[in-house]
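*Asks:* Sending over a structure as structure tokens; questions will come in a sec.
The values are calculated or read from the model by the stated rules, or taken from the named source; none is laboratory data. Everything numeric here is computed off the predicted structure, so don't read it as measured data. Positions of Cβ are backbone-derived with ideal geometry, glycine not excepted, and every protein chain shown enters the neighbour counts. We work out accessible area using only protein heavy atoms, side chains counted, and drop any ligands, DNA or RNA first. Shrake-Rupley method; radii C 1.70, N 1.55, O 1.52, S 1.80 Å.
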Amino acid sequence: MSEEDRVPGASAAAVSTPDGKADRGGGFPVVDRQDFSETTFLLEVSHPQMARAARPGQFVIVMLDDHGERIPLTIADFDREAGTITLVVQAVGKSSREMQARMVPGARLFGLVGPMGIPSEISDARKVICVGGGLGVAPIYPQARAFKEAGAYVIGVVGFRSRELIFWEQKFRDVCDEFVICTDDGSAGIKGLVTQGIEQAIAAHGDIDELVAIGPPIMMRACAEATRPHGIRTMVSLNPIMVDGTGMCGGCRVRVGGRIRFACVDGPDFDGHEVDFDDLMARLARYRPQEREALDRYDASCRRLAMAPEGATSEKA
């Protein structure tokens with residue numbers, strides 16, 4: 001999703017703390033953080049009302065500060081009792097890098113809107129494969145858990161580049177009847193792509209009802225092609241460029257079954273066998289030069305700040 005569409009949002013409202021008292025400090029407090037790698041990190045944010053409303057497959061839009069970009073992030077988990085939602089972020093652009101630098105326990109997100117999008121349909125499938133690749137591993141977890149709670153036999157298939165990048169293994173094992181890890185370098189589990197895990201599951205189970213996949217578009221397309229010959233229902237969660245998240249801007253339009261749909265209000269889940277992935281990937285690449293320019297300016301500003309004498313000020317990135 002683009003990191004250069006800057007649309008100002010409304011001021012953050014007071015939120016309720018887990019004990020029910022209003023938090024008048026403004027913003028939404030980060031109560032926990034975990035770093036999974038140099039670029040991937042988890043934020044647990046206090047928002048009791050959102051935690052009660054959240055469903056698998058939905059997303060939020062966050063703003064780091066009052067001049068910040070609106071960043072759409074899929075909800076990776078929610079805890080209704082603790083009143084928190086969990087976001088897993090990959091620091092790849094200017095705004096996510098800035099979030100990585102600033103969001104520690106005690107810090108506050110300026111804006112947090114959601115849950116948005118249509119919740120994933122937890123069908124009456126008796127046997128389902130839940131596939132996550134890279135950053136898509138985190139948001140596939142609530143779906144795996146929901147299918148398990150609905151009585152399905154759940155096969156989890158997740159992909160990482162290497163063993164060092166694996167996270168939430170035990171969380172998945174707790175909700176999956178079978179769990180398959182795939183790594184690019186073979187340092188853990190199957191050496192190869194998640195499609196190899198899918199093919200292994202299909203070969204072992206002739207009664208797969210559904211597959212749900214979240215990850216990079218090229219991975220989701222491969223998942224859809226792996227299930228197509230078998231006629232297995234395949235749902236994917238799309239991540240196009242998004243600005244307002246309410247269907248007004250049209251930035252998140254995708255082509256599904258020959259029709260234009262808006263991922264923010266018609267999705268983000270769609271039939272993977274009908275998605276035009278070539279169009280999706282072309283649209284995702286459209287603003288890469290601007291994103292690169294913004295990141296370069298941010299890095300240059302950080303270097304100037306690091307070199308400035310103590311007490312000196314630096315212009316805002």
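*Asks:* Which residue is nearest to the chain's Cα centre (by Cα), if the candidates are limited to the stretch 214-231 and must be surrounded by fewer than 22 Cβ atoms within 10 Å (Cβ to Cβ) and without any contact (Cβ under 8 Å) to a residue 40 or more places away in the chain?
*Replies:* Result: ALA222.
*Asks:* Mind counting the residues in the stretch 95-127 that are open to solvent by less than 20 Å² (accessible area, probe 1.4 Å) and either of a type in the set (Lys, Arg) or in contact with a Leu (Cβ under 8 Å, 6 or more places away or on another chain) (or both)?
*Replies:* Summing the residues that are open to solvent by less than 20 Å² (accessible area, probe 1.4 Å) and either of a type in the set (Lys, Arg) or in contact with a Leu (Cβ under 8 Å, 6 or more places away or on another chain) (or both) in the stretch 95-127 gives 4.
*Asks:* Quickly run through the stretch 37-75 and pick out the residues that are modelled with pLDDT of 90 or more, assigned to a loop (DSSP other than H, G, I, E, B) and within 17 Å of GLY245 (Cβ to Cβ).
*Replies:* HIS47, ALA54, ARG55, GLY57, GLN58, ILE75
*Asks:* Kindly provide the set of residues from the stretch 113-128 that are under 17 Å from GLY57 (Cα atoms) and either among the polar types (S, T, N, Q) or outside any loop (DSSP other than H, G, I, E, B) (or both), ordered by number.
*Replies:* Listed by number, the residues that qualify are VAL113, GLY114, PRO115, MET116, SER120, SER123, VAL128.
*Asks:* Looking at the stretch 232-243, which of its residues are of a type outside the set (Val, Ile, Thr), open to solvent by less than 20 Å² (accessible area, probe 1.4 Å) and in a loop (DSSP other than H, G, I, E, B)? Don't jump to the end; show me each part of the working.
*Replies:* First, the residues of the stretch 232-243 that are of a type outside the set (Val, Ile, Thr): 233, 235, 237-240, 242.
From the residues that got through so far, the ones that are open to solvent by less than 20 Å² (accessible area, probe 1.4 Å) too are 237-238, 240, 242.
Residues satisfying the conditions are LEU238, PRO240, MET242.
Matching residues to (1) assigned by the TED database to the domain that holds ILE61; (2) among the β-branched types (Val, Ile, Thr); (3) at pLDDT 90 or above:
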| residue | (1), (2), (3) |
| --- | --- |
| ILE190 | no, yes, yes |
| ALA203 | no, no, yes |
| ILE218 | no, yes, yes |
| ILE232 | no, yes, yes |
| ILE241 | no, yes, no |
| GLY245 | no, no, no |
| CYS249 | no, no, no |
| CYS252 | no, no, no |
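*Asks:* Before we move on, is GLY251 outside any strand (DSSP E or B), under 19 Å from PRO139 (Cβ atoms) and of a type in the set (Gly, Ala, Ser)? Spell out how you get there, then give the answer.
*Replies:* Working: outside any strand (DSSP E or B): yes; under 19 Å from PRO139 (Cβ atoms): no; of a type in the set (Gly, Ala, Ser): yes.
For GLY251, the condition - outside any strand (DSSP E or B), under 19 Å from PRO139 (Cβ atoms) and of a type in the set (Gly, Ala, Ser) - is not met.
*Asks:* Then there's this: Being closer than 22 Å to ILE122 by Cα and either under 13 Å from the mean Cα position of the chain (by Cα) or not β-branched (Val, Ile, Thr) (or both) narrows it down to one of ASP79, ASP32, so name that one. Walk me through how you get there before you give the answer.
*Replies:* On the way: ASP32 fails: closer than 22 Å to ILE122 by Cα.
Within the list ASP79, ASP32, the selection yields ASP79.
*Asks:* If you don't mind, another one. Is one or more of the residues making up the stretch 50-65 of a type in the set (Asp, Glu), touching an Asp or Glu at 6+ places or on another chain (Cβ under 7 Å) and touching a residue at least 40 places away in the same chain (Cβ under 8 Å)? Walk me through how you get there before you give the answer.
*Replies:* The first filter runs over the stretch 50-65 and keeps only residues of a type in the set (Asp, Glu), leaving 65.
With the extra rule that they be touching an Asp or Glu at 6+ places or on another chain (Cβ under 7 Å), the set shrinks to none.
Checking the stretch 50-65: not a single residue is of a type in the set (Asp, Glu), touching an Asp or Glu at 6+ places or on another chain (Cβ under 7 Å) and touching a residue at least 40 places away in the same chain (Cβ under 8 Å).
*Asks:* Which members of the stretch 85-105 meet the condition of being over 16 Å from the mean Cα position of the chain (by Cα) and more than 9 Å from PHE41 (Cβ to Cβ)?
*Replies:* Here is the first cut: in the stretch 85-105, the residues over 16 Å from the mean Cα position of the chain (by Cα) are 94, 98, 101-105.
Listed by number, the residues that qualify are LYS94, GLU98, ALA101, ARG102, VAL104, PRO105.
*Asks:* Of all residues being of a type in the set (Lys, Arg) and in contact with a strand residue (DSSP E or B) (Cβ under 7 Å, 6 or more places away or on another chain) in the stretch 28-86, which is farthest from GLN100 (Cα to Cα)? Just the residue, please.
*Replies:* Kept after step one, since they are of a type in the set (Lys, Arg), are these residues of the stretch 28-86: 33, 52, 55, 70, 80.
Checking which are in contact with a strand residue (DSSP E or B) (Cβ under 7 Å, 6 or more places away or on another chain) leaves us with 33, 55, 70.
Values: ARG33: 10, ARG55: 25, ARG70: 15 Å.
Step by step, filter the stretch 28-86, then rank; the result is ARG55.
*Asks:* Quick check on this structure: which one of ASP207, ASP174 is touching a residue at least 40 places away in the same chain (Cβ under 8 Å), over 23 Å from ALA282 (Cβ atoms) and open to solvent by 70 Å² or more (accessible area, probe 1.4 Å)? Steps first, answer last, please.
*Replies:* On the way: ASP174 fails: touching a residue at least 40 places away in the same chain (Cβ under 8 Å).
When all the criteria are applied, what remains is ASP207.
*Asks:* Which members of the stretch 137-160 meet the condition of being surrounded by 24 or more Cβ atoms within 10 Å (Cβ to Cβ) and either modelled with pLDDT under 90 or in a helix (DSSP H, G or I) (or both)?
*Replies:* Passing the criteria: VAL137, ALA138, PRO139, ILE140, TYR141, PRO142, GLN143, ALA144, PHE147.
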